[in-house]
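The values are calculated or read from the model by the stated rules, or taken from the named source; none is laboratory data. Since the model is a prediction, treat every value here as computed from it, not as a measurement. We place every Cβ from the backbone using ideal geometry, glycine too, and count neighbours over all the protein chains shown. Surface accessibility is based on the protein's heavy atoms, side chains included, excluding ligands, DNA and RNA. Shrake-Rupley method; radii C 1.70, N 1.55, O 1.52, S 1.80 Å.
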Amino acid sequence: MKTTVLVIAVAMSLAFMSCQKEDEVVSNLTVTSQIEALPKEELNADELNSLQLMREEEKLALDVYKTLYAKWGINVFLNISSSEQQHMDAVLTLLNKYNLPDPVGTNAVGVFSDPKLQDLYNQLVTAGNTSALAALNVGATIEDLDIFDLEEALLKSDNQDLKYTYDLLTMGSRNHMRSFYGQIVGLGGTYTAQFITQAALEAIVTSPRETGNSW
C-alpha cells in the first residue's frame with residue numbers, strides 16, 4: 001500500500017511539474033506572438049537605447065541570481081531566474097523584430113558589453129557573497145533598479161510593442177520585489193528604496209502579487 005501511495009504521489013508531482021512547464025511555454029509563446037503581431041514602428045533614439053539596456057539589465061539580474069543561488073541555495077533566486085530568462089527572451093524578440101544587434105551575444109555568465117553593468121555585476125556579487133540577508137538585499141536592489149529603468153523607458157517609448165513588453169517586465173519586477181522583500185523581512189532585515197521612491201516601494205510590497213502570466 002505504501003509503495004502504491006508513493007507511486008501515485010510521484011506521478012501527481014510529475015504531472016504538476018509538466019503542466020507548470022507547459023503553462024510557461026504557452027505564456028512565452030503568447031508574449032512572443034503578441035510582440036510580433038503588434039505594428040513595427042520607427043524607433044526613436046531613446047527606444048533604441050532602452051532595448052540595448054534592458055536586454056543586458058535582465059541578463060544582469062539572471063546572472064546575479066544564478067551566482068547567489070549557487071552560493072546560498074536560497075530558492076527565491078532559482079525561482080526568479082526562470083522569469084529573468086523570459087524577460088531576456090522578450091527583449092531579444094524585439095531586437096530581432098527590428099533587426100538590431102544583440103549586446104548579449106554569446107557572453108558567459110557575469111560578462112557584459114556595457115562597462116557600467118559589468119561594474120555593477122561585480123559590486124552586487126561581492127555584496128551578495130557576504131551573507132544570505134545581504135544577498136536578498138542585492139535581489140531587491142536589482143528589482144528596484146529594473147522598475148526604475150523600465151518606468152523611465154515607458155515614458156520615452158510610444159511603440160506599441162515596446163510598451164507592451166516593458167509593461168510586462170515592470171509587472172514581473174514588482175512581483176520579484178514582493179518576493180525578495182518578504183524574504184528580507186522574514187530574516188529580520190529591512191530594505192529601503194534606492195532608485196524608485198520609498199512611497200512607490202511601500203505601495204508595491206503592501207499590495208497583492210499581480211497575475212496575468214507566469215512572469
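Do you know the relative contact order of segment 85-215, to the nearest whole percent, from alpha carbon pairs under 8 angstrom that are 6+ apart?
24
What accessible area per residue comes out for segment 76-207, rounded to a whole number of Å², with a 1.4 Å probe?
Heavy-atom SASA per residue in segment 76-207 reads 43 Å².
How much FRET efficiency would the formula 1/(1 + (r/R0)^6) give for K163 and K71, where r is the Cβ-Cβ distance and R0 is 30 Å, rounded to 0.05?
Result of the calculation: an efficiency of 0.25.
Given contacts defined as C-alpha pairs under 8 Å and at least six residues apart, what's the relative contact order of segment 95-145, whole-number percent?
Relative contact order comes out at 17 percent.
How charged is the neighbourhood of S113? Take every other residue with its Cβ under 14 Å from the Cβ of S113, and add Lys/Arg as +1 and Asp/Glu as -1.
Around S113, the charge tally is -4.
For a quick check, take a GNM of the chain with Cα springs below 10 Å and name the residue from S50, S81, S33 with the largest mean-square fluctuation.
The residue that fluctuates most here is S33.
Keeping to pairs on different chains or 8 or more places apart, tell me how many lysine pairs in the chain have Cα atoms under 15 Å apart.
Value for the chain: 4.
Out of these labelled values of mean projected area of the Cα convex hull in nm², (i) 13.9; (ii) 15.1; (iii) 16.4, which was calculated from the coordinates shown here?
Label of the calculated value: (i).
Over segment 149-215, with every protein chain in place, what whole percent of the accessible area is carbon and sulfur at 1.4 Å, could you tell me?
52
Report the FRET efficiency, 1/(1 + (r/R0)^6), for A127 and T106, where r is their Cβ-Cβ distance and R0 is 22 Å, rounded to 0.05.
0.20
For the chain, with a Gaussian network of springs between Cα atoms less than 10 Å apart, report the residue from T67, T106, T126 with the top mean-square fluctuation.
Comparing T67, T106, T126 in a Gaussian network model of the chain, the most mobile one is T106.
Pick from A199, A153, A70 the residue whose mean-square fluctuation is largest in a GNM of the chain, springs joining Cα atoms under 10 Å.
Maximum among the listed residues: A199.
Please work out how much length the chain gains when fully extended from A203 to T190, using 0.36 nm per residue of separation minus the C-alpha to C-alpha distance, in nm with one decimal.
3.1 nm
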